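The values are calculated or read from the model by the stated rules, or taken from the named source; none is laboratory data. Quick caveat, the model's predicted, so the values are computed rather than measured. Cβ coordinates were reconstructed from backbone atoms using ideal geometry, including for glycine residues, and neighbour counts include every protein chain displayed. When the accessible area is computed, the model is the full protein with side chains, heavy atoms only, and any ligands, DNA or RNA have been set aside. Shrake-Rupley method; radii C 1.70, N 1.55, O 1.52, S 1.80 Å.
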Amino acid sequence: MQEFKYFAPSDINQALKILDSVKGDKRILAGGTDLVIAIRERKINPEVVIDLKNTQNLNYIKQENGYIKIGSMSTFTDVIESELIKRKARVLHESCYSMGSPQIRNWATIGGNIINASPATDSVPALMVLDATVKLESVSGIREFKVQDILKGINKTNLNENEILTEISFKIPSENTVTGFRKLGRRAALSIARISIACLIEVEENTMRCRDARIALGAVAKNPIRATSAEEVLIGKDISQKLIDDCVEVISEIAVKNIGNRPSLPFKRQSIKGISRELLNRLYMELWSN
Amino acid sequence: MEEVKISFILNDESVSVEVDPRKRLLDMLREDFLLTGVKEGCSVGECGACTVLIDGRAVTSCLVLAPQVNGHRVTTIEGLQKNGELHPLQQAFIDSGAVQCGFCTPGMILAAKALLDRNPHPTREDIKTAISGNLCRCTGYEKIIKAVETAVKYLEGKDENNRTNDRKKTETLKKLTEEAISDDIRVIGKSIIRKDALKKTTGEALFAGDMRFENMLYGKVLRSQVPHAILKNIDTTDAKSLPGVKAVLTYKDIPGANRVGIILKDEPVLVDHKIARIGDPIALVAAETQEIAEEALERIKVELEELPPVVDVKEAIKEDSVKVHGDTNIIAIKNLIKGDVEEGFRKSDIIVENHYKTNFVSHMFIEPECGIGSYENGVITVWCSSQNVHFDRAEVARVLNMPRSKVRVIQAETGGGFGGKLDISTQCYAALLAYYTKRPVKIIYSRVESTMASSKRHPAIIRCKTGATKEGKLMALDADMILDTGAYASYGPGVITRTVVHITGPYDIPNVKVKGHLVYTNNPMAGAMRGFGVPQAAIVHESQMDILAKELGISPYEIRKRNVLKPGSYTATNQLLTSSVGIEKTLDAAVEKAKEMLKGWEGIL
Amino acid sequence: MIKTGIGIGCMWYGIGNTGLPNPAAAFVEVHSDCSATLLTGCADIGQGSNTVLAQIVAETLGIDFEDVFVTSADTGVTPEAGATSASRQTYISGNACKRAAEMARQTLVDLAADLLQDDKDKILLKDKMAFVKDTDKSISMAKLLEECDRRGILVIGSGSFNPDTTYLDAQTMAGIPYATYAFATHIAEVEVNTETGEIKVKKIIAAHDVGKAVNPSLIEGQIEGGCLMGAGYALLEEVLLSNGRITNPNLSNYLLFTAKDVPEVYPIIVEEKEETGPYGAKGVGEPSLIPTAPAILNAIYNATGERFTDIPVTQERFIEQTYYKFDK
């Protein structure tokens, strides 16, 4: 393993200064559950490692002006154990809970998971349906993007060399909203998504009329995608079994288009219907009982 | 490398160290603090054997850089005992029979502790979730889950005798004729706590990787990255010149035989001519540190002439195929003949014929192979993870050209085997390096190296034709099979024999004809794995039974009941069975239990 | 749609190497404090042979299990025991240990007969005492061993055992490949999600004829572990190869079932005593895995009407066979 300079800045300003001033291949160590392996297997050979594990004020989950704000160094466990998120953004709770093992969830961070830009990320589809914004900070200022807009392919983002993702935020969904996540893994735990779906449905008060719907699919493209044409099937209509069936067919078509001619296509074309139907039916039942 | 000064709480004591920031927490704990209860099983955070607690949370220490714990509280299995008393979880693991090989045990206990510290009254689902990041290959988790439930009771102060309750689940069907002397039986039949349970729950059990010797070197193996090639030249000059390197060995340095193998001696200790698979060993290095040894491997220059590989077993049996060794890829053809199979089919009313296919499977014992060699006073000693030290001794003696009496092989605690630690792994390498350096040498495989080098379960392609009368009596079975043993025979000749002999299943079939081929390819080596060819056979005979039953319009239970072996039956090898033939009893007992426990049991009756 | 089904799998398994000699030996020494040392070449790889063999020695000598100290698998001190494979160690090393213990016991029996003035055949050793059957005559083992010290008698034994097999006929493979067989039946209940291909094994009933259960808890451990490994064989585990290279060599891509995948396992121990086994015992290590996969395959058929003849039945394989079989 090649030598690297190691920094453990105590606050974010110090971190940004170091990041801006040091030269060479520099890496931010968030949880490190992917980075440490990559360094050991020499897939990357950083000259500088900036460890944020002990950097203050990056680990919080709070409610502010109708928004939920999550510090990027919050671990998956922090997110899962947040009552606020469990109540207001169940989709994020479920997706984070389905990631990895307890050990990984205890150490991996939500910010790291986004920046890693894996096709099979569990957190991003959930954040996409919550229409989440990420905050990128550097010595020269702050930039904000929708979470999907910083993802530029497998393990690729549009972050500048001197930027750190510091916060994820999203507007708290209204009371007439249901959300959820379902992934298909090879086993009941410790599994990477073969395909996944996150969904948010908002209805007009005391009706089943869909005011807004957001659907995101994981592991069907280089980064998770929004399934807008499937959302359109639902928006403005009364949610029904029939409508869900139509929506599921559209989701499958979107998946097929994105997967392209890969060996996994026949399997994913079919199985995405299974997980979509299950999730949408579950949300439908929830709407009924609300 | 610039070291980083860190301070943290380790097992309730404040410690300060200067540490290379590249070091993982796992390595720091094992090497600098000698806390070898922290195990390394996969290096990628998947197996959970390296689990420690950081601020009370379970974390895989292979994914944490040492300086990241600065200012935090770290707990390892060694920190669980208080004032010499076991933690209730440790006691519960012992009492519940939750310990087998013990390699996953420390991590498992810590993951459970992280749960119970936060949630003293977990549900069964909570427990499963809490330990879902800890893989166990031995227990099937059942007794581990039970151990955590038991620990909950211990922590509540309920000191009930768990072990007697535990027994209720298993029913022992006593033979009615059980001897009158059963009153005199004291120890047999009792669920006595295993001898090694205690040290495996405290982290004190020493696996080979946990052993340290003064002046110890580290060994590494250079392995082929191509499946089929002729070795033209090896240049070790550059590797030898690296400071800290104490030996670089090639086949030329082997004092004795350069072939090992359980049944056939076809596997080179170090390749001298032909590379037959990816992972074939080409050279050995011993150096002062693992890192230097790794660097030395990169400095060895190997010239190869690549050959086209044969990786499809159906290709490999063709006469004009690429040959792995010698002039045929067929190692063994086994023919079993009982009765007259044609006549048997003529007497059958229903005949079904199907093709079956199974894959390579990996043992994935949680402890990768490790061995340490030493050479003192003319005696080679090897401590290793192994299933057969006497075989290991014979092979080391042949390779070093020493009498067996001067070779001692000692089994270290072995973290699972399942057949995969029957072949020679590190033993000859550690011995050779110790022989040349006169210093103890430890070789520890990474998970990936372990998977590459160890044997696999044989993939099988099996055709099977089975005939029965309309009354459901089996009359004839005709099968042929091809087993891919990969680059070397290993236990393959034994496996094919066993598959052929067992293909009838536990049924009385008067006419049987089976042909089995064992074939070399340039695939990974296949050898012994739990079941030894019989799992492949069982998939075939049990599927055939259900398919026949459907054709005959009788139930899966009925067709078995009408054909099971009994005392007085003859097996496929014409062996007369006289006693201890319990198949019918297991069938009836299982069906009785199914009626009680399973939904839809009518479907098999 | 979720469909459930159940299936049976039966198996037989010959104990020991096939049609070959495969002996094992053991040494026993009884010390004057009633403890004993057992030296066996048998490697305990977690299955618990050190415990089982100590139980056999303790039973044979009539002493406490805790007082039997085992040294195993060290060629410097232990005799050959062959491989820990073929589910052979309880049967073969078990017999070797029993014979070694019997030889040591004979020394004690002879001395007891001498001191108690009775027939050797009537001497029983148990609870660290020597009894004369059908009388009230007895002597403590401590006394016997004290007398051994006085007379200069060492209480030692060696034993070996080779199962009674024959080589198989070169033309027909007829012969006696194994001295004894283990038998088992598993019944599995599965739940199949026909849309996603997810298959969950809910319950497994596992009935095993082990001859005699020397240690039921250890047998349960073998059965429970075998069932999960067998479920993996049926549904999950496969080494993926690309031109001879394993493309999934780590535990992140070669997947094993986790604690959350565990079915409920109901072990049933059937004891059809094997006359040639130590106290009637045979073996269970490998048999525990063998019937699981076929039981699961038959259960999938029972649930869905789909017969799978290629394993593992991964989600892909299930979906492809179920939805696309006519495309092929």
Residue list for the stretch B:95-144, restricted to those being surrounded by fewer than 23 Cβ atoms within 10 Å (Cβ to Cβ), more than 14 Å from chain A (Cβ to nearest Cβ) and not in a helix (DSSP H, G or I):
B:PRO120, B:HIS121, B:THR123
For the stretch A:251-265, give me the residue count where each residue is open to solvent by 30 Å² or more (accessible area, probe 1.4 Å) and either of a type in the set (Val, Ile, Thr) or in a helix (DSSP H, G or I) (or both).
4
Single match in B:ALA489, B:ALA537, B:ALA528 (criterion: facing chain C (nearest Cβ under 10 Å) and in a loop (DSSP other than H, G, I, E, B))
B:ALA528
Condition check: in contact with a strand residue (DSSP E or B) (Cβ under 6 Å, 6 or more places away or on another chain) and either without any contact (Cβ under 8 Å) to a residue 24 or more places away in the chain or charged (D, E, K, R) (or both). Does C:GLU29 satisfy that?
yes
Just checking, how many residues over the stretch A:95-120 are surrounded by fewer than 24 Cβ atoms within 10 Å (Cβ to Cβ) and among the hydroxyl-bearing types (Ser, Thr, Tyr)?
3
Report yes if some residue within the stretch A:136-144 is closer than 30 Å to A:SER264 by Cβ and either of a type in the set (A, V, I, L, M) or surrounded by fewer than 19 Cβ atoms within 10 Å (Cβ to Cβ) (or both); otherwise report no.
no
Among the residues of the stretch C:191-202, is any at the interface with another protein chain (Cβ under 7 Å from one of its Cβ atoms) and in contact with a Pro (Cβ under 9 Å, 6 or more places away or on another chain)?
no
Taking B:ALA572 as the residue in question, decide whether it is within 9 Å of chain C (Cβ to nearest Cβ), surrounded by 21 or more Cβ atoms within 10 Å (Cβ to Cβ), of a type outside the set (Asp, Glu) and part of a loop (DSSP other than H, G, I, E, B).
yes
Residue within the stretch A:178-186 that is open to solvent by 40 Å² or more (accessible area, probe 1.4 Å) and either over 25 Å from C:ASN253 (Cα atoms) or under 14 Å from the mean Cα position of the chain (by Cα) (or both) present:
no
Which of the residues belonging to the stretch C:38-68 are assigned to a helix (DSSP H, G or I) and of a type in the set (A, V, I, L, M)?
C:VAL52, C:LEU53, C:ALA54, C:ILE56, C:VAL57, C:ALA58, C:LEU61
For the stretch B:510-520, give me each residue that is open to solvent by less than 10 Å² (accessible area, probe 1.4 Å) and in contact with a Ser or Thr (Cβ under 8 Å, 6 or more places away or on another chain).
B:VAL512, B:GLY516, B:LEU518, B:VAL519
Restricting attention to the stretch B:325-343, does a residue exist that is farther than 22 Å from B:PHE418 by Cβ, in a loop (DSSP other than H, G, I, E, B) and charged (D, E, K, R)?
yes
I'd like the full set of residues that are in contact with an Asp or Glu (Cβ under 6 Å, 6 or more places away or on another chain) and within 7 Å of chain B (Cβ to nearest Cβ), limited to the stretch C:176-190.
C:THR180, C:PHE183
For the stretch B:352-407, what are the residues that are out of contact with any strand residue (DSSP E or B) (no Cβ under 9 Å at 6 or more places or on another chain) and open to solvent by less than 10 Å² (accessible area, probe 1.4 Å)?
B:MET364, B:PHE365, B:ILE366
Residues located in the stretch A:165-222, provided they are within 14 Å of chain B (Cβ to nearest Cβ) and within 23 Å of A:ILE70 (Cβ to Cβ)
A:ILE192
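Condition (residue is open to solvent by 10 Å² or more (accessible area, probe 1.4 Å), under 20 Å from C:GLY16 (Cα atoms) and either within 7 Å of chain B (Cβ to nearest Cβ) or in contact with a strand residue (DSSP E or B) (Cβ under 7 Å, 6 or more places away or on another chain) (or both)) applied to the stretch C:64-72: is it met by at least one residue? Even if it seems obvious, please write down each step before you answer.
To start, the set of residues in the stretch C:64-72 that are open to solvent by 10 Å² or more (accessible area, probe 1.4 Å) comprises C:64-67, C:69-72.
Still in the list and also under 20 Å from C:GLY16 (Cα atoms): C:72.
Still in the running and either within 7 Å of chain B (Cβ to nearest Cβ) or in contact with a strand residue (DSSP E or B) (Cβ under 7 Å, 6 or more places away or on another chain) (or both): C:72.
Yes, the stretch C:64-72 has at least one match.
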Only one of (1) open to solvent by 20 Å² or more (accessible area, probe 1.4 Å); (2) under 25 Å from B:GLY48 (Cβ atoms); (3) in contact with a Leu (Cβ under 8 Å, 6 or more places away or on another chain) is not met by C:LYS203, so which one is it?
(2)
Residues that are open to solvent by 10 Å² or more (accessible area, probe 1.4 Å), aliphatic (A, V, I, L, M) and under 21 Å from A:ALA189 (Cβ atoms): does the stretch B:28-50 have at least one?
yes
Across (1) within 14 Å of another protein chain (Cβ to nearest Cβ); (2) open to solvent by 50 Å² or more (accessible area, probe 1.4 Å); (3) touching a strand residue (DSSP E or B) at 6+ places or on another chain (Cβ under 6 Å), B:ILE317 clears everything bar (1)
Per the filter on the stretch A:158-177, residues aliphatic (A, V, I, L, M) and within 30 Å of C:ASN253 (Cβ to Cβ) are A:LEU159, A:LEU165, A:ILE168
Quick one: what pairs do we get from the stretch A:137-161, first residue farther than 15 Å from A:THR121 by Cβ, second among the acidic types (Asp, Glu) and crowded, with 19+ Cβ neighbours inside 10 Å, C-beta under 8 Å, 6+ apart or different chains?
A:GLU137/A:GLU163; A:SER138/A:GLU163; A:ARG143/A:GLU163
Identify the residue in the stretch C:310-328 that is among the β-branched types (Val, Ile, Thr) and within 29 Å of the chain's Cα centre (by Cα) and, among all such residues, is nearest to the other protein chains (Cβ to nearest Cβ).
C:ILE311
Scanning for something modelled with pLDDT of 95 or more, open to solvent by less than 10 Å² (accessible area, probe 1.4 Å) and facing chain B (nearest Cβ under 9 Å), does the stretch C:22-36 turn up at least one residue?
no
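Each row is one residue, and each column tells you yes or no for (1) part of a loop (DSSP other than H, G, I, E, B); (2) within 20 Å of A:ALA189 (Cβ to Cβ); (3) of a type outside the set (Phe, Trp, Tyr); (4) within 14 Å of chain B (Cβ to nearest Cβ).
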{"residue": "A:GLY100", "(1), (2), (3), (4)": "yes, yes, yes, yes"}
{"residue": "A:GLY112", "(1), (2), (3), (4)": "no, no, yes, yes"}
{"residue": "A:SER118", "(1), (2), (3), (4)": "yes, yes, yes, no"}
{"residue": "A:THR121", "(1), (2), (3), (4)": "yes, yes, yes, no"}
Return the total of residues in the stretch C:219-250 being among the hydrophobic types (A, V, I, L, M, F, W, C) and either surrounded by fewer than 24 Cβ atoms within 10 Å (Cβ to Cβ) or within 7 Å of another protein chain (Cβ to nearest Cβ) (or both).
8
Just to verify a result, which residue in the stretch C:106-136, among those that are part of a loop (DSSP other than H, G, I, E, B) and open to solvent by 70 Å² or more (accessible area, probe 1.4 Å), is nearest to C:HIS31 (Cα to Cα)?
C:ASP127
